[in-house]
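Written below as structure tokens is the structure these notes are about.
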Amino acid sequence: MLVHLRLTLSASELALLPFELAKVPVGPGAAAETWLAIQTRPPVCVTRNIRTVSSEGVAWPERPRILFISGEPDPDLFIQHRTALIEAIQPFLKPDERKVADRQDEKAALQSFGDLLTILRNPTLDEVMRECREHRYTHIHVLAHGDLYRLSPDLYGVVLRGRDDDPDIVSGERFATALTVIDEGCIHRPTVVTIAACDSANLGTVVIPGASFAHALHLAGIPLVVASQFPLSMAGSVPLV
């Protein structure tokens, strides 16, 4: 039996509390303790959501369209993430699409694998916004470095390429705006966003208003956001994909 511990929160301050690291007793009268999120009897899955964004009633997409946004992390790590995503969609590619996929240049800035997967390598936020305007993506995967947001040095963002090729530390609010499409009165956002970046769910401080990068995406209306509250290892990011 899997126990789903669902924390419904609205106060961003609570994002600072590392619920995944909470210790619980092994059993009645036991002196030993175990970590809540990694205990096996019973296994516990901890999630957080806010009252204004509910997964109930969400039309989960039957056919995904994935956008992989890669900043400038380790080149070998990019290849590992790329390989994992391509392997995931291989069974659903048409024969001619498989041939095109096999010929794709892994170093190209824009790579397409049918209508299942698109890869943007080292894009600017404007390029991400343009791509989301042209196509309706259901899943977004981000591989990038995390860093402190310059305009609010106690908050974290993800690092993309700036307009002048300088690092652009993008806040969650700016990124959510880039992913949101308003067309003829209809609003489209991805259903799932996964972020392989250090501190992407780290709030940083409760002194100034704001929330973590991941919390800002969820607050904008994205039902499922997967991120890291702590530094994320390169090796650990691959199973996440």
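The values are calculated or read from the model by the stated rules, or taken from the named source; none is laboratory data. The model shown is predicted, which means the values in this text are computed figures rather than measured ones. Glycine gets a Cβ as well: all are built from the backbone with ideal geometry, and neighbour counts include every protein chain shown. Side chains are part of the model used for accessible areas, which takes the heavy atoms of the whole protein and leaves out ligands, DNA and RNA. Shrake-Rupley method; radii C 1.70, N 1.55, O 1.52, S 1.80 Å.
Looking for something among the hydroxyl-bearing types (Ser, Thr, Tyr) and assigned to a loop (DSSP other than H, G, I, E, B) - is there at least one such residue anywhere in region 112-128? The answer is yes; a qualifying residue exists.
Looking at Ile169, Ile195, which is the one that is open to solvent by less than 20 Å² (accessible area, probe 1.4 Å), modelled with pLDDT of 85 or more and over 19 Å from Leu67 (Cα atoms)? None of the other options fit; the residue is Ile169. Filtered by the rule that a residue be assigned to a helix (DSSP H, G or I) and not hydroxyl-bearing (Ser, Thr, Tyr), region 157-181 gives Gly172, Glu173, Arg174, Phe175, Ala176, Ala178, Leu179. Being open to solvent by less than 60 Å² (accessible area, probe 1.4 Å), basic (Lys, Arg) and without any contact (Cβ under 8 Å) to a residue 60 or more places away in the chain is a description that applies to Arg121.
For region 48-92, filtered to residues that are in a loop (DSSP other than H, G, I, E, B) and among the hydroxyl-bearing types (Ser, Thr, Tyr), the residue that is most open to solvent (accessible area, probe 1.4 Å) is Thr52.
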